[in-house]
Every structure is written in C-alpha cells, then in structure tokens.
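A short write-up of the structure that comes next.
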Amino acid sequence: MKGLHMVALILLVVGGLNWLLVGLFAWDIGVLFGGQDVMLSRIVYVLVGLAAVYELFAHKGTCKQCDNKM
C-alpha cells in the first residue's frame, strides 16, 4: 500500500500545484497535454481526483502524524 500512497501523494501535489497556477496566473497545467478536451488531459484530471478520494479515506491509516495520539 505504500506504493499506492506515494502515487496518490504525487498526484495530489500535481493537482495542488495546478490549482496554484490557475489561481495565480489563470494557467492550467492541462494545456501541456493539449487542453481540457484532450483525453490525456482528462485522464490526468481523473487520476488526481481519484487520488484525492483515496487519500480522504486512507490517510488516517497511513499518516504517522495522524496516528500519534495526544
């Protein structure tokens, strides 16, 4: 599961950086893949979204910081 966690983390970082670029410069990283209408760009968006859903449910069990009890 560590590999899946790392892939999800990388995808979430990519998604977060994309939103930063959209917010600051109105530039979408999907442009690199041909724009939002191109299948490759849509696949990247879906993978980032699935990574977020996965981390939403699996984060508590994989995070050392969240595992510590105060």
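Laid out as a table, the results:
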quantity: Length-normalised contact order for the stretch 2-63 - Cα pairs under 8 Å, 6+ apart - percent; calculated: 43 percent
quantity: Cut-off under 5 Å, modelled amide H: who pairs with TRP27 long-range; calculated: VAL22
quantity: Alpha-carbon spread of the stretch 1-65, three principal axes, descending order, Å; calculated: 36, 25, 15
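Just so you know, all these numbers are worked out from the coordinates, no wet-lab data involved. Keep in mind the model is a prediction, meaning the values are calculated, not measured.
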